[in-house]
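Enquirer: Here's a structure for you.
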Amino acid sequence: MKKIKVLIVLLLSCLFIIGCANQRILERIGLVTLVGYDVAEENKVTATSVIRQINPELQSKVEVQSETESTSKGTRVKVDMKTSKKLAAGQMRVLLFGEDLAKKGIEEAIHTTMMNNEISTSIYLAVVKGSSKSLLEYPYKDVTDVGQHIYNLIDHNIKQQHTVSSTLHEVVRDNYSEVRNFALPILHKKGEFIEIDGVAFFSHGKMVGSLPAGDNFYILMMQDNFKESTLELVLDGESIDASKFQEKQLQIAVDSVKTKRSIKVVDPELNEFDLNIDFKCRLLEINSLVPINDPKLVEKMEKAVNQKIENEVSRILEYSQEINSDIYGFGEQYRAHVRGGKLTDQKWREKFREMKVNINVDVEIIRNGVFE
Amino acid sequence: MKSALQISNDQKISSSLFFFVVTAAQIGVGIHGFQRVVVKNAGNDAWISVILASLFAHIVVFIMIRTLALYPSNDLYGIHLDIFGKYFGGILNFTYVLYCTFAFYSVIRNYIEVINTWVFPNLSQSFIAAALLILVIYAFTGGLRVLVGVCFFSFMTGLWILIILFMPLEYAHYNHILPILGNDLKSIFKGAYSMTFTIVGFEIINTLYPFAKEKKKVQKYVHLALLFTLFIYLSVILVSLVYFSEAQIERTLWATLTLFTVIKLPFIERVEIIIICFWMIIILPNLCLFSWAAYRGVKRFKSINETTFIWIFSIFIFFANIPIQTRTEIDQMNNFFAKIAFYIVFIYPFLLYIMASLKSVLRKGGSKE
């Protein structure tokens with residue numbers, strides 16, 4: 001009995017001592033929710049951190065601090081000297097890169113972030129048009145916590161498939177993969193608002209090009225399947241009904257878009273691929289003059305939409321071939337289906353630039369609204 | 001055969017419990033990061049290596065049990081003494097005790113490293129070691145039946161992690177697995193070889209076998225346990241392969257833990273921290289079983305009380321923890337352990353089986369005359 005008592009005391013003491021190992025009391029730490037990196041002179045980086053401080057009595061405060069140093073940990077020490085509370089990076093949600101730094105290469109910054117166990121791999125990465133410092137330090141009228149604001153902005157757009165998904169994990173996966181590149185959304189300060197302004201293409205950790213936000217839909221369609229999305233199209237009026245819409249453009253909008261994308265290697269020797277997109281949607285908006293109950297017309301319209309999407313997709317594909325950034329997974333598919341010989345980075349870069357892709361889009365308008 | 005064990009019925013355990021014991025003994029610290037070494041060798045065919053390694057384990061277990069079944073009631077130590085005599089058998093017993101101690105040490109050292117890297121960077125190693133060792137002492141002094149109980153609870157309370165394991169599939173690219181068999185056979189076998197550190201643990205039956213109530217049923221449960229661990233390892237490696245890119249796995253030290261960092265549950269944002277702390281319950285049976293196996297061996301040299309043994313053992317381990325500090329040293333130690341384990345667990349049982357069956361044939365021949 002005595003022995004058991006001694007053991008119980010020992011065990012209990014262990015339990016209590018473990019509780020004291022590393023205290024992190026919420027009121028005594030500053031939570032870094034967002035960090036933005038920019039290029040500074042002499043190989044240094046400027047890190048701008050958004051720090052949220054919880055205060056039990058007053059409203060919680062958000063602070064933006066910026067420091068320049070050669071390593072990111074160095075900037076953190078410097079920022080620490082400026083804040084009244086100990087900094088903790090465990091709640092970090094977004095990592096921003098200034099455009100200049102992105103063009104110089106963000107591989108090192110990503111590597112540093114991955115080495116830190118405090119930071120989760122589900123944080124979002126994005127590029128800022130201009131410098132991230134000016135984006136973060138601007139006093140927005142309606143935004144109290146710029147860190148949380150940017151996180152929510154990116155988060156819901158990625159979840160709704162409006163912009164490319166850019167979690168740290170995906171970026172690292174594609175960055176170290178020899179046959180794939182990654183893309184990040186571009187943020188831009190427009191007056192009093194922050195908006196997503198396009199997609200930045202990367203190749204080997206360097207930003208090599210960008211496309212405007214209007215192309216997001218097509219880029220995402222080539223990357224993955226859509227579960228639900230909306231698309232607005234401008235069709236050539238003549239292709240639908242020459243008598244009514246001559247020289248006129250016809251605006252239509254479709255929603256509940258469901259797509260299925262598949263890439264097939266047709267001929268590895270000739271470097272030929274098939275990109276098949278199965279596109280199902282609901283017609284939502286159209287000129288009231290168009291008699292949409294006419295099946296022939298619907299067929300015509302499907303064809304026109306088909307043509308339009310094919311054109312856009314091939315334009316975007318040509319652009320990415322030109323800048324040599326395979327964010328769609330052609331390389332992965334090639335490696336998965338062609339045996340023999342490791343597909344190296346160099347080899348795939350050459351192949352990707354010259355590959356031929358047959359784009360087949362199959363549009364089907366499933367239904368329209370409740371009124372014809 | 002004077003080396004035979006006298007085990008009373010109330011000390012024996014039900015054969016079905018072997019399932020939990022073997023599963024608990026196999027799953028330990030290796031599963032945190034085995035993807036890295038296996039993928040380095042076998043590329044995207046790493047999952048085939050895992051199956052192969054498990055297949056070898058099945059064969060070895062089959063041989064082990066055949067060897068043990070040659071004796072009515074004896075463990076590996078007794079068999080050594082019977083076949084090789086007092087001196088050479090003693091040396092072999094001593095080697096096996098050292099192996100068990102090394103296994104114990106390797107588990108505790110790796111776990112402390114994980115705690116230090118992921119959860120508490122500044123917590124002293126001796127403190128974690130002491131906390132773990134006290135737990136082991138507590139369980140160990142309860143006797144074998146308590147140890148088996150620990151295994152059972154560790155198994156049952158750890159099952160929820162399996163559900164979480166499949167959540168990262170949201171980011172899966174399934175074509176990472178293709179082309180199947182794109183790597184040559186040699187590299188796949190090499191990959192299987194590098195599974196050693198992760199898959200060992202089932203050799204506990206060497207010492208536990210005489211304690212089974214119905215010896216004939218043991219084999220079935222041990223094979224079932226191996227199948228279950230195969231299922232776990234296979235799920236982990238398949239999820240990792242589709243989730244990570246190949247070069248990324250090679251750079252990730254503890255791929256299983258990194259896998260968990262992407263999961264955000266509504267009530268907890270960093271699941272991996274909870275999982276790492278919870279892992280203490282999963283490695284506890286490892287520690288208990290290895291120390292128990294060492295105890296059975298030491299007992300053959302000198303009759304020693306259980307409590308005295310575990311205290312001396314724990315103090316020894318506690319001080320042995322001090323010289324190895326850096327990651328490179330731990331990596332070297334792991335590689336060294338894997339090499340030794342390969343010979344002791346995967347190669348030696350075949351030799352022993354040949355010797356033991358020769359001996360039994362000779363003995364039968366002798367008694368006929």
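The values are calculated or read from the model by the stated rules, or taken from the named source; none is laboratory data. Just so it is clear, the structure is predicted and the values come from calculations on it, not from any experiment. Because the Cβ atoms are built from the backbone with ideal geometry, glycine has one as well, and the counts that use them run over all protein chains shown. For accessibility, only protein heavy atoms count, side chains too; no ligands or nucleic acids. Shrake-Rupley method; radii C 1.70, N 1.55, O 1.52, S 1.80 Å.
Enquirer: Along the charge dipole of the protein assembly as shown, pointing to its positive end and built from +1/-1 on Cβ of Lys, Arg, Asp and Glu, which listed residue (B:ILE204, B:THR258, B:LEU226) has its Cα farthest out?
Expert: B:ILE204
Enquirer: Which value, in nm² and rounded to one decimal, describes the direction-averaged projected area of the C-alpha convex hull of the stretch B:252-330?
Expert: Working: hull surface 30.4 nm².
With the hull built on Cα positions only, its mean projection is 7.6 nm².
Enquirer: Report the extension gain between A:LYS103 and A:HIS337 in nm, rounded to one decimal, defined as 0.36 nm multiplied by the number of residues separating them, less their alpha carbon distance. Mind showing how you got there, number by number?
Expert: Working: separation 234, 0.36 × 234 = 84.24 nm, distance 3.31 nm.
This chain segment gains 80.9 nm when fully extended.
Enquirer: Run down the aspartates and glutamates and flag those whose C-alpha is under 13 Å from the C-alpha of A:LYS342, throwing out any fewer than 8 positions away in its chain.
Expert: Hits, sequence-local ones excluded: A:GLU178, A:GLU332, B:ASP184, B:GLU246.
Enquirer: Would you mind checking the radius of gyration and Dmax of the stretch A:259-340 based on alpha-carbon positions, in Å?
Expert: 17.2, 58
Enquirer: Using the charge dipole of the protein assembly as shown (Lys, Arg: +1 at Cβ; Asp, Glu: -1 at Cβ; taken about the Cα centre), state which of B:SER16, B:THR141, A:ILE219 has its Cα farthest towards the positive end.
Expert: Most positive-ward Cα: B:THR141.
Enquirer: Something else about it: Can you give the % of DSSP beta bridges in the stretch A:225-368 that are antiparallel, to the nearest 5?
Expert: Working: 18 of 30 bridges.
The antiparallel fraction comes to roughly 60 percent.
Enquirer: Using the Cα centre of the protein assembly as shown as the reference point, and only Cβ charges (+1 on K/R, -1 on D/E), how large is the resulting charge dipole? Debye, rounded to the nearest 20. Intermediate values should be presented prior to the final figure.
Expert: Details: 77 positive and 71 negative charges, 965 e Å.
It comes to approximately 4640 debye.
Enquirer: Let me ask something additional. Roughly how tilted is helix B:306-320, in degrees to the nearest 10 and between 0 and 90, from the longest Cα axis of chain B?
Expert: 40 degrees
Enquirer: I need the Debye-formula profile for the stretch B:64-155: one equal scatterer per C-alpha, no solvent, reported as log10 I(q)/I(0) at q = 0.11, 0.16 1/Å, two decimals.
Expert: Rounded to two decimals, the profile gives -0.52, -0.90.
Enquirer: Summarise the long-distance tail of P(r) for the stretch B:41-88 by giving the % of C-alpha pairs beyond 14 Å.
Expert: On the way: 727 of 1128 pairs.
That fraction is 64 percent.
Enquirer: Right, something else. Regarding the stretch B:137-249, what is the average projected area of its C-alpha convex hull, in nm²?
Expert: Average of the hull's projected areas for the stretch B:137-249 equals 9.9 nm².
Enquirer: For n ≥ 4 DSSP H runs only, could you compute -39500 (n - 2.57) per run for chain A, divide by its residues and tell me the 222 nm figure to the nearest 500? Can you show the working numbers first?
Expert: Details: 11 runs with 126 residues, N = 372.
The helix contribution divided over chain A gives -10500 deg cm²/dmol.
Enquirer: Here's another thing I want to ask about it. In debye to the nearest 20, how big a dipole does the stretch B:151-229 give about its Cα centre with +1 on each Lys and Arg Cβ and -1 on each Asp and Glu Cβ? Please report the intermediate quantities before stating the final value.
Expert: Numbers: 7 positive and 4 negative charges, 92 e Å.
Result for the stretch B:151-229 is approximately 440 debye, rounded to the nearest 20.
Enquirer: Given just the C-alpha atoms of chain B, how large is their convex hull per residue in cubic angstrom?
Expert: Numbers: hull volume 52.0 nm³, N = 369.
Residue-normalised Cα hull volume stands at 141 Å³.
Enquirer: Here is a further query. Towards the positive end of the charge dipole of chain B, with charges on Cβ (+1 Lys, Arg; -1 Asp, Glu), say which of B:ASN175, B:TYR111, B:SER303 has the farthest Cα.
Expert: In chain B, that residue is B:SER303.
Enquirer: Need the full-extension length gain, B:ALA247 to B:LEU362, defined as separation in residues times 0.36 nm minus the C-alpha distance. One decimal, nm.
Expert: Numbers: separation 115, 0.36 × 115 = 41.40 nm, distance 5.57 nm.
Extra length from B:ALA247 to B:LEU362 when fully extended: 35.8 nm.
Enquirer: Looking at the calculated P(r) for chain A, what percent of the C-alpha pair distances fall above 29 Å? Show your work: numbers first, answer last.
Expert: Working: 37082 of 69006 pairs.
Summing the P(r) of chain A above 29 Å gives 54 percent of all pairs.
Enquirer: Once you have all Cα-Cα distances for the protein assembly as shown, histogram them in 10 Å bins from zero and send the whole-percent values.
Expert: 2, 12, 19, 20, 17, 13, 9, 5, 2, 1, 0, 0
Enquirer: So which of B:LYS217/B:LYS364; A:LYS78/A:LYS133; A:LYS103/A:LYS129 end up more than 18 Å apart, counting from Cα to Cα? Provide the component values of the computation, followed by the final result.
Expert: Values: B:LYS217/B:LYS364 26 Å; A:LYS78/A:LYS133 16 Å; A:LYS103/A:LYS129 11 Å.
Beyond 18 Å between Cα atoms: B:LYS217/B:LYS364.
Enquirer: What Kirkwood hydrodynamic radius do you get for the stretch A:225-368 when you take the inverse of the mean 1/r over all pairs of distinct Cα atoms, in Å? Write down the numbers at each step before the final one.
Expert: Numbers: mean 1/r = 0.0589 Å⁻¹.
It is 17.0 Å.
Enquirer: Same structure, new question: Rounded if a/c is under 1.5, else prolate if a/b is larger than b/c, else oblate: which is the stretch B:161-201, with a ≥ b ≥ c the root eigenvalues of its Cα gyration tensor?
Expert: Values: a/c = 4.96, a/b = 1.24, b/c = 4.02.
Taking the square roots of the gyration eigenvalues as a ≥ b ≥ c, the stretch B:161-201 is oblate.
Enquirer: For the stretch B:1-137, what does the accessible surface come to per residue with a 1.4 Å probe? Please give it in Å².
Expert: On the way: 4610 Å² over 137 residues.
Per-residue accessible area for the stretch B:1-137 comes out at 34 Å².
Enquirer: For the protein assembly as shown, what proportion of DSSP beta bridges, expressed in % and rounded to the nearest 5, is antiparallel?
Expert: On the way: 52 of 79 bridges.
That works out to approximately 65 percent antiparallel.
Enquirer: Continuing with this model, one more query. Using all C-alpha to C-alpha distances in the stretch B:1-131, build P(r) with 10 Å bins and read off the rounded percent in each one.
Expert: 9, 24, 32, 24, 9, 0
Enquirer: Can you flag which of A:LYS264/A:LYS347; A:LYS206/A:LYS347; A:LYS347/B:LYS339; A:LYS206/A:LYS356 are past 27 Å Cα-Cα?
Expert: Working: A:LYS264/A:LYS347 19 Å; A:LYS206/A:LYS347 19 Å; A:LYS347/B:LYS339 38 Å; A:LYS206/A:LYS356 25 Å.
Flagged as over cut-off: A:LYS347/B:LYS339.
Enquirer: Report the dimensions of the stretch A:311-372 along its three principal axes from the alpha-carbon atoms, largest first, rounded to Å.
Expert: 57, 25, 17
Enquirer: Enumerate the amide H contacts of A:LEU187 below 5 Å, restricted to partners 5 or more residues apart or on another chain; note that Pro and chain-start residues carry no placed amide H.
Expert: A:VAL127, A:VAL128, A:LYS129, A:ASP197
Enquirer: Taking chymotrypsin sites (Phe, Trp or Tyr not before Pro) as candidate sites, keep only those in a DSSP loop with at most 12 other Cβ atoms within 10 Å, then name the longest stretch of chain B containing none of them. Could the numbers behind the result be given before it?
Expert: Working: sites that count: B:PHE166, B:PHE267.
Result for the longest clean stretch: B:1-165.
Enquirer: If you don't mind, there's one more thing I want to ask. Over chain B, what is the relative contact order in percent, taking alpha-carbon pairs closer than 8 angstrom and at least six residues apart? Don't skip to the end; give the middle numbers.
Expert: On the way: 469 pairs, mean separation 147.9, N = 369.
Relative contact order here is 40 percent.
Enquirer: If you roll a 1.4 Å probe over the stretch A:38-115 with all protein chains in place, what percent of the accessible area is carbon or sulfur? Before the final figure, lay out each step's value.
Expert: Working: 2010 of 4110 Å².
Summing carbon and sulfur atoms, their accessible area is 49 percent of the total for the stretch A:38-115.
Enquirer: Do you know which residues of the stretch A:173-188 lose at least 50 square angstrom of accessible area in the protein assembly compared with their chain on its own, with a 1.4 angstrom probe?
Expert: Correct list: A:ARG173, A:TYR176.
Enquirer: Rounded to the nearest 100 Å², what is the buried accessible area between B and A, both sides summed, probe 1.4 Å?
Expert: Details: alone 16880 and 20480 Å², together 34170 Å².
Looking at B and A, the buried total is near 3200 Å².
Enquirer: On average, how many beta carbons from a partner chain sit within 10 Å of the beta carbon of a residue in A:161-168? Walk me through the numbers on the way to the answer.
Expert: Details: counts 0, 0, 0, 0, 1, 0, 3, 2.
Partner-chain Cβ atoms within 10 Å, mean over residues of A:161-168: 1.
Enquirer: About the Cα centre, and with charges only on the beta carbon of Lys, Arg (+1) and Asp, Glu (-1), how big is the dipole of chain A? Nearest 20 debye, please.
Expert: Values: 49 positive and 54 negative charges, 422 e Å.
Dipole of chain A, to the nearest 20 debye: 2020 debye.
Enquirer: Are there trypsin sites (Lys or Arg not before Pro) in the stretch B:67-173 that DSSP marks as loop and that have at most 16 other Cβ atoms within 10 Å, and which are they?
Expert: On the way: sites: B:LYS86, B:ARG109, B:ARG145; in loops: none.
Here no trypsin sites (Lys or Arg not before Pro) fit, given the DSSP loop and packing criteria.
Enquirer: Still on this model: By per-residue mean of other Cβ atoms within 10 Å, what is the highest-first order of A:163-169, A:202-208? It would help to have the intermediate numbers written out before the result.
Expert: Values: A:163-169: 22.3, A:202-208: 18.9.
So the peptides A:163-169, A:202-208, ranked by packing, come out A:163-169, A:202-208.
Enquirer: What are the DSSP H helices in chain A that stretch 18 Å or more along their long axis, judged by alpha-carbon atoms, and whose average Kyte-Doolittle hydropathy comes to at least -1.0? Intermediate values should be presented prior to the final figure.
Expert: Numbers: long enough: A:2-19 (26 Å, 2.10); A:146-159 (19 Å, -0.32); A:295-323 (42 Å, -0.77).
For chain A, where a helix must reach 18 Å along its axis and average at least -1.0, the hits are A:2-19, A:146-159, A:295-323.
Enquirer: Right, something else. With everything on Cα atoms, drop me the angle between helix B:271-301 and the longest principal axis of chain B, reported from 0 to 90° to the nearest 10.
Expert: Once rounded, the angle reads 20 degrees.
Enquirer: Of all the Cα-Cα pairs you can form in the stretch B:181-242, what percent are over 13 Å apart? List each step's numbers first, then the result.
Expert: Values: 1382 of 1891 pairs.
Of all Cα-Cα pairs in the stretch B:181-242, 73 percent lie more than 13 Å apart.
Enquirer: Here's a follow-up. Looking at the stretch A:91-146, which trypsin sites (Lys or Arg not before Pro) are in a loop (DSSP not H, G, I, E or B) and have at most 11 other Cβ atoms within 10 Å?
Expert: Details: sites: A:ARG93, A:LYS103, A:LYS104, A:LYS129, A:LYS133, A:LYS141; in loops: A:ARG93, A:LYS129, A:LYS141.
Filter output for the stretch A:91-146: A:LYS141.
Enquirer: List the GluC sites (Glu not before Pro) within the stretch A:269-326 that DSSP assigns to loop and that have no more than 15 neighbouring Cβ atoms inside 10 Å. All intermediate terms of the calculation are to be shown ahead of the outcome.
Expert: Working: sites: A:GLU269, A:GLU272, A:GLU285, A:GLU299, A:GLU302, A:GLU310, A:GLU312, A:GLU318, A:GLU322; in loops: A:GLU269.
Qualifying residues, ordered by number: A:GLU269.
Enquirer: Round to the nearest 10 and give me the degree value, 0 to 90, for the angle of helix B:348-368's Cα axis relative to the longest principal axis of chain B.
Expert: Taking Cα atoms only, the helix is inclined about 20 degrees.
Enquirer: Something else: For the stretch A:24-213, what proportion of DSSP beta bridges, expressed in % and rounded to the nearest 5, is antiparallel?
Expert: The answer is about 70 percent antiparallel.
Enquirer: Peptide A:114-125: average number of partner chain Cβ atoms within 10 Å per residue?
Expert: Numbers: counts 4, 2, 0, 11, 3, 1, 10, 10, 8, 2, 0, 0.
Per residue, the number of nearby Cβ atoms from other chains is 4 on average.
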